[in-house]
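Worksheet: the structure to be examined is printed underneath.
Read-outs: derived from the displayed coordinates by stated rules, not from any lab. Note that the structure is predicted; figures quoted are calculated from it, not measured. Quick reminder, even Gly has a Cβ in these numbers, built from the backbone with ideal geometry, and neighbours come from all protein chains shown.
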C-alpha cells in the first residue's frame, strides 16, 4: 500500500510539472501570448470585415513598414498571409485573427509587380463582400490581392458565379474578362498620368534609346526596344517596376523605331482633354507605334470604353491633332 501511495504521488508530481511547464510557456516570465498562434484569439466577426482587416494592415506595417512591398496577399476568415519583397529576398508574413504575426525568409526574389503596404484600404473589404453577396446571395470564402495588378480576386463559398475581381479600392466588382466599370486611367498611380509615364520612359532608357512599340494600360506597360539588332521585350507594373524581360530576334515587321527622347509623357493627358475622350477616366489603353493609321509617322491610338463613339482616337507623338476613323 505504501509503495502504491508513493507511485500516485510521483504521478501527480509529474502531471503538475507538465502543467506548470505549459503555463510557464504560455504565461510565464517570457509572456508569449502576444506571439503568433499563442492562445485563443478574440475577434468579433472575421478578417474580411473592414473593422478587423485593420489588424492585418497594422501587422504588415509592424513587420514590413508602410513602404513594404507586397507581392500578394490572401485573406480568409481567421487568418491572412502575405508574400513580400524585402532587401532582394522574398518573405512570408502570417497573421492570425488577433493580428499577431510571424515573418520568415522564403528565398530570392524575382522581378514581379508589388505595391506598398500604405496602399491597403480596409474599407475596400466591406465594399467587396457587400457587392459579391448582392450578386450571388452567398458569402465570400477568400480574398486575394496581387501587387502586379493591384486588383482583388474574390472567391465565393458557393453559388454562381464562383469568383469575381474588384479594383484596389473595392469598387468595380466584375467577372474576369469583363470591362472595368470604373477604369483606372485617372487614378493617382495610373501609368497614363504624365508623372508616372515618365518613370516608365526613364526605365526604358536603361535598356535602349530606340522604341519599337509601347502599349500602355493604367496598371501596366508592354514595351519593345531595339538594342544591338535585337528586340528587348519589357513588362512594367505600377511605379515602373520591371516585371519581365525577354530578348528575341527582330521580326519582319519591326523595321522602324522611335527615338526615346521624342516621346512626350504628357501626350495622353493632352488627348484626354478632348471633349471626345472626356478625361483619363475614360482611357482604357493606348498604343504607340512608329507608323500611324493615317500617316507614315509615329502615332498614338487611345482606346475608349465599349459603346463609345468613336471607339478610339489617334494623335501625333505629342498628343496633338486628334482624329479617328471616319471623321469628316
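For segment 58-197, rounded, prolate or oblate, judged on the Cα gyration tensor with a ≥ b ≥ c (square roots of eigenvalues), a/c < 1.5 rounded, else prolate if a/b > b/c?
Here segment 58-197 falls in the oblate category.
For residue 108 and residue 296, calculate 0.36 nm times their separation in residues minus their Cα-Cα distance, and state this gained length in nm to one decimal.
63.1 nm is the gain from fully extending residue 108 to residue 296.
Can you order the peptides 49-57, 144-152 by their average number of other Cβ atoms within 10 Å per residue, highest first?
The most tightly packed comes first, giving 144-152, 49-57.
Sort 313-319, 74-80 for me by packing, meaning the mean count of neighbouring Cβ atoms within 10 Å per residue, highest on top.
Taking the mean over residues of other Cβ atoms within 10 Å, the ranking is 313-319, 74-80.
Compute the angle between helix 50-64 and the longest alpha-carbon principal axis of the chain, please, reported from 0 to 90 degrees and rounded to the nearest 10.
90 degrees
To the nearest 500 deg cm²/dmol, what mean residue ellipticity at 222 nm is calculated for the chain from DSSP H runs of n ≥ 4 alone, each contributing -39,500 (n - 2.57), summed and divided by the residues?
Computed ellipticity for the chain at 222 nm equals -7000 deg cm²/dmol.
First check a/c for the chain, with a ≥ b ≥ c the square roots of the eigenvalues of its C-alpha gyration tensor; if it is under 1.5, answer rounded, and if not, answer prolate when a/b is larger than b/c or oblate otherwise.
It comes out prolate by the Cα gyration axes.
For the pair residue 160 and residue 138, how long in nm is the line joining their label points, each one 7 Å along Cα→Cβ?
If labels sit at residue 160 and residue 138, their model points lie 1.1 nm apart.
Between segment 151-197 and segment 245-310, what is the C-alpha centre distance in whole Å?
Between the Cα centres of segment 151-197 and segment 245-310 lies a distance of 23 Å.
Normalised by the residues of the chain, what does the relative contact order come to in percent, with Cα pairs under 8 Å and at least six apart?
10 percent
What FRET efficiency comes out for residue 130 versus residue 245 if R0 is 41 angstrom and r is the Cβ-Cβ distance? Round to the nearest 0.05.
0.50
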